[in-house]
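Here the structure is laid out as structure tokens; the discussion comes afterwards.
The values are calculated or read from the model by the stated rules, or taken from the named source; none is laboratory data. Keep in mind it's a predicted model, so treat the numbers as computed, not measured. Don't worry about glycine lacking a Cβ; one is built from the backbone with ideal geometry, like all the others, and counts go over all protein chains shown. To get the accessible areas, we keep the full protein, side chains included, count just its heavy atoms, and leave off ligands, DNA and RNA. Shrake-Rupley method; radii C 1.70, N 1.55, O 1.52, S 1.80 Å.
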Amino acid sequence: MTRLSLIALAMASTALPAFADEVNIYSHRQPELIQPLLDAFTAETGIAVNVAFVDKGMAERLVAEGDRSPADLVLTVDVARLMQVVDAGVTQPVQSDILNANIPAEYRDPGNQWFGLTTRARIVYASKDRVKDGEVTTYEDLASDKWKGRICTRSGTNDYNVALTAAVLAHHDADYTKAWLEGVKANLARKPDGGDRDQVKAIWAGECDIAVGNTYYMGQMLADPEQTEWANSVRIVFPQFENSGTHMNVSGIAMTKAAPNHDAALKLMEWLSTDAAQKIYAETNHEFPVKAGVERSELVKSWGAFTADSLPLADVAAQRPAALKLIEEVDFDG
Ligand code: FE
């Protein structure tokens, strides 16, 4: 089935026949990012994979389609978006010894509703010229006076920053987190604006010395001739929480409640957690394989080793609503 016909089917209101030999994915990720991987799965198993790119309103669409949804799997980035579909009641738990063995418990839902497939760290991009080795230490330290006027970041209400704030909250308490947010806000060189790469550009332009951003953007900037200079003006530093490691998030997958091709979908989920698939999937977007022991790409390896935060991502995600409230209370973007 072509992508177009899948979309047409998704919009049709009739019940769909279930083919044992195909899987339908609603993907929030760019199709070109996952197509090579899915082609490999089809070559190996003979199971066809149809991808519909769903940019916005994933949960709403699945709710509207209900039992008639042709989608078996949802593929997306950030635990926030995974939780959105889970909280909308359109996913089902998946019991799989393979998934449980391959994916560390920190990166999957304790209720088996979502599973991380790759991880990314939220790190500090530091100016090579203006930030000394060892100057960037903890996330907590980002609120200290030494960074006054030196930090750039995207909006506080962006999913990535809400997750980071939720992690601060999970490690401390509401009073501490509010003071931390106020401290970081007081240190900003300019009002939050743009995406993570725009903050690195601002370092390159001399507007700020450090920026908070996700690791894979380094790979994306290096691959873009217009942004290579920005990338080369910074180095990646892995901050830690005072009593733990570096804040991580995931790209992940969930099975829909409707899942007309349940068995084939399960097969694909499990296959995506295997060594070979993990290596390709992580490498394609400069992410970390979620499965322990799978080799990182050369570029990702060059960023160095670090210790990941040991808190389960589900525990961090549980703090998101409270974190968002604090971000709004301190008017972080204001
Ligand atoms: Fe991103």
*asked:* Test of understanding: extend the Cα→C-beta vector of ASP224 to 7 Å, then name every residue of region 27-45 with backbone N under 15 Å from that spot.
replied: 30
*For region 12-140, which whole percent of the accessible surface, found with a 1.4 angstrom probe, sits on carbon and sulfur atoms?*
51 percent
*So, with +1 on the Cβ of K and R and -1 on the Cβ of D and E, and no other charges, what is the size of the charge dipole of the chain about its Cα centre, to the nearest 20 debye?*
360 debye
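Using a ≥ b ≥ c from the Cα gyration tensor of region 150-190 (square roots of the eigenvalues), is it rounded, prolate or oblate, where a/c under 1.5 gives rounded and otherwise the larger of a/b and b/c decides, a/b for prolate?
Values: a/c = 2.75, a/b = 1.34, b/c = 2.05.
It is oblate, given that a/c is not under 1.5 and a/b is not larger than b/c.
What percent antiparallel are the DSSP beta bridges of the chain, to the nearest 5?
If we restrict to bridges inside the chain, about 65 percent are antiparallel.
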*Taking GluC sites (Glu not before Pro) that fall in a DSSP loop and have at most 13 other Cβ atoms within 10 Å as cut points, what is the longest piece of the chain between them?*
1-225
*Calculate what fraction, in whole %, of the accessible area of region 162-235 sits on carbon and sulfur atoms when a 1.4 Å probe is rolled over the protein chains.*
45 percent
*Express the accessible area of the chain per residue in Å², computed with a 1.4 Å probe while the remaining protein chains stay in the model.*
41 Å²
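In debye, nearest 20, what is the charge dipole magnitude of region 98-147 about its Cα centre with +1 on Lys and Arg Cβ and -1 on Asp and Glu Cβ, if you could check?
Details: 7 positive and 8 negative charges, 44 e Å.
Around 220 debye, computed over region 98-147.
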_Local electrostatic count, ALA277, Cβ distance below 10 Å [Lys/Arg +1, Asp/Glu -1]_ = -1
_Additional length obtainable on full extension of the chain from GLU242 to THR138, 0.36 nm per residue less Cα span_ = 36.8 nm
_Which one, ILE25, GLY195, ALA40, projects farthest toward the positive side of the charge dipole computed for the chain from Cβ point charges (K/R +1, D/E -1)?_
GLY195
*Which residue, PHE53, PHE288, PHE238, tops the fluctuation ranking in a GNM of the chain built on C-alpha contacts under 10 Å?*
PHE53
*Between SER144, ALA317, LEU169, whose Cα lies farthest towards the positive end of the dipole of the chain when Lys and Arg beta carbons carry +1 and Asp and Glu beta carbons carry -1, centred on the Cα centre?*
SER144
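Helix-only estimate, please: 222 nm mean residue ellipticity of the chain, summing -39500 (n - 2.57) across DSSP H runs of length 4 or more and dividing by its residues, to the nearest 500.
After summing the helix terms and dividing by residue count, I get -11500 deg cm²/dmol.
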*Please name whichever of TYR281, GLN227, HIS247 sits farthest to the positive end of the charge dipole of region 158-313, dipole taken about the Cα centre and charges placed at Cβ: Lys and Arg +1, Asp and Glu -1.*
TYR281
*asked:* Under 10 Å, Cα contacts only: if you run a Gaussian network model on the chain, which one of ALA223, ALA282, ALA318 comes out with the highest mean-square fluctuation?
replied: ALA223
_For ALA314, net neighbour charge (Lys/Arg +1, Asp/Glu -1) across residues whose Cβ lies under 10 Å away_ = -2
_What's the magnitude of the charge dipole for region 181-312 around its Cα centre, counting Lys and Arg as +1 and Asp and Glu as -1 at the beta-carbon? Answer in Debye, nearest 20._
200 debye
*PHE53 to ASP193: extension gain in nm, 0.36 nm per residue of separation minus the Cα-Cα distance?*
47.8 nm
*Along Cα→Cβ, 7 Å out, is where each label goes; now give me the distance between the ones at TYR176 and GLU328 in nm to one decimal.*
2.5 nm
